[in-house]
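Here's the structure we're looking at; comments come further down.
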Amino acid sequence: MASVVEYKGLKAGYHCGYCASREGKTSCGMWAHSLTVQDYQDLIDRGWRRSGKYLYKPVMNKTCCPQYTIRCRPLQFQPSKSHKKVLKKMLKFLAKGEISKGSCEDEPMDSTMEDAVAGDFALVNKLDIKCDLKTLSSDLKGGIESEEKKKENSLKKEGSKELIHPQAIEEKLGSGEPSHSIKVHIGPKPGKGADLSKPPCRKAKEMRKERKRLKLMQQNSAGAFEGFQAQGQPASLLPKAKSNQPKSLEDLIFESLPENASHKLEVRLVPASFEDPEFKSSFNQSHSLYIKYQVAIHKETPVECGKSEFTRFLVDSPLEAEYPANGPECGYGSFHQQYWLDGKIIAVGVIDILPYCVSSVYLYYDPDYSFLSLGVYSALREIAFTKQLHERASQLSYYYMGFYIHSCPKMRYKGQYRPSDLLCPETYVWVPIEQCLPSLDNSKYCRFNQDPQAVDEGRSKDLNRLRVLHRRSTMPYAVYKNYQEDPSEEEGVLEYANLVGQKCAERMLLFRN
């Protein structure tokens, strides 16, 4: 099995849907007659994406809105506060039919500021506990001194009741031992002795210490535990800290519903192929939903959303299905994840399952259910799905979200699925998004790799080893040059080789007419 591609070259000066520029968009493209999943994996790791069978790569330093490939790391992903709200909203709707007001798909999916503030508060709590412990230490020291003074005064006043030995008191106070007054009891007066049926009296300083300890424990049980251990307090005196582990993404998504739940949601994975009976039987319903979505959200006309247009855009795929023994049960290739609510499709996520990732292609949904924030919900489901596939295929551990466009504020939401990385457009290495954002705030186009000496390690190094399909025969480019009639053709071949990299240039077949 080999990939067969036809390079179309540079396309410049056309309309951009992100900034509305009429002539600002620039990209290179090629038509993929067929494509192995490994070749496509390597291509998207060099900044390529597909739309149907057409593959395109933005010319990053020339296009009006640079599009950076972004991937999320699902194995370390923790849903943010707003992600949890979306999941809880879905659960409430399924369980009780509750519809939240004020929710729409245009709202930001997440708030990085919100998460940062939450992190800061956690830090502040720790600092507060440290300050409280210092204060507590000084309070205890002062309390001991005041207790001693009170004891001395009370001893003087109680001379008629008890016989005090001042010399013994002085020795004890100077010895560093606990400050207990040395008393010689003559004996209680009749009827005034200790009541053994009641608990012994407690010192004021001990009561103050316990109140302070309980207060700290209420503020932050874990931090207080560490702090008091540092102060030398025995662990047995401390209340047991409750486990406060955050719920995982899977816990939030698959939380059990009551038997009398108002709605039933089912997610089905079907291959994007008319040869699959389940896909074929649901095609008309899926296409009708696509029309409804495109007309309402993207203001297209129904004519522009015909079956042929829909098929060319979201059904046709150059990816050849593969079922290796060490791969996921569903295999590799292109799929539709259908969201069935009470027997009808309300959303479809088009995805590619590749050797190292799940790549999101497109999502369309029923606008009547916008209140469920289906864009966010489906992304979270796809992240959880990636983790599920990882259990069977350990190398499959990333979720690719398409392009991140920092210069378009509406497209920044993808950066809020953390942790995530952006692809350096010059060296094709992955860089954590937190390191990239300061540079993107200053310039639309950025090289993320901070090493000035670093180069593209996967670049084309030997053009002669590039493979060509010519007259139904495969051959290296060194041989094809003997058939080449136009010398200027080599410039386009070299451009293609640099864009796809040496590995893909040697594996894929470049069709030459």
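The values are calculated or read from the model by the stated rules, or taken from the named source; none is laboratory data. The structure presented is a predicted model; accordingly, all values stated were derived computationally and were not measured. Ideal geometry is used to build each Cβ from the backbone, glycine not excepted, and the neighbour counts take in all protein chains shown. We work out accessible area using only protein heavy atoms, side chains counted, and drop any ligands, DNA or RNA first. Shrake-Rupley method; radii C 1.70, N 1.55, O 1.52, S 1.80 Å.
Only a single item in (1) outside any helix (DSSP H, G or I); (2) small (G, A, S); (3) touching a residue at least 40 places away in the same chain (Cβ under 8 Å) is not met by A296, and it is number (1). Of all residues in the range 494-509, none are out of contact with any strand residue (DSSP E or B) (no Cβ under 8 Å at 6 or more places or on another chain) and either of a type in the set (S, T, Y) or part of a strand (DSSP E or B) (or both).
Restricting attention to the range 333-377, the residues that are outside any strand (DSSP E or B) and within 26 Å of K53 (Cβ to Cβ) add up to 4. Can you spot a residue in the range 464-480 that is outside any loop (DSSP other than H, G, I, E, B), free of Cβ contacts under 8 Å to residues at least 60 places away in the same chain, surrounded by fewer than 17 Cβ atoms within 10 Å (Cβ to Cβ) and β-branched (V, I, T)? Yes, the range 464-480 has at least one match.
The residues of the range 494-509 that are in contact (Cβ under 8 Å) with a residue 40 or more places away in the chain and within 19 Å of G47 (Cα to Cα), listed by number, are E495, Y496, L499, V500, G501, Q502, K503, C504, A505, E506, R507, M508.
The residue of the range 38-75 that is most open to solvent (accessible area, probe 1.4 Å), among those that are more than 30 Å from K299 (Cβ to Cβ) and assigned to a loop (DSSP other than H, G, I, E, B), is N61. Being out of contact with any Leu (no Cβ under 9 Å at 6 or more places or on another chain), without any contact (Cβ under 8 Å) to a residue 24 or more places away in the chain and in a loop (DSSP other than H, G, I, E, B): is that true of E485 here? In short, yes. Filtering the range 299-320 to residues that are within 28 Å of Y40 (Cα to Cα) and not in a helix (DSSP H, G or I) leaves G306, D316, S317, P318, L319, E320.
Show me the strands (runs of 3 or more DSSP E) entirely contained within the range 392-462 in which 1 or more residues are among the β-branched types (V, I, T) and buried (at least 17 other Cβ atoms within 10 Å of the Cβ).
The strands (runs of 3 or more DSSP E) meeting that bar are 430-432.
Out of curiosity, is N326 open to solvent by 40 Å² or more (accessible area, probe 1.4 Å) and over 30 Å from F77 (Cβ atoms)? No: the conditions fail for N326. Within the range 299-337, the set of residues being closer than 23 Å to Y364 by Cβ, aliphatic (A, V, I, L, M) and free of Cβ contacts under 8 Å to residues at least 12 places away in the same chain comprises V303 only. The set of residues from the range 1-37 being open to solvent by 20 Å² or more (accessible area, probe 1.4 Å), out of contact with any Ser or Thr (no Cβ under 9 Å at 6 or more places or on another chain) and outside any loop (DSSP other than H, G, I, E, B) comprises E6, Y7, K8, W31.
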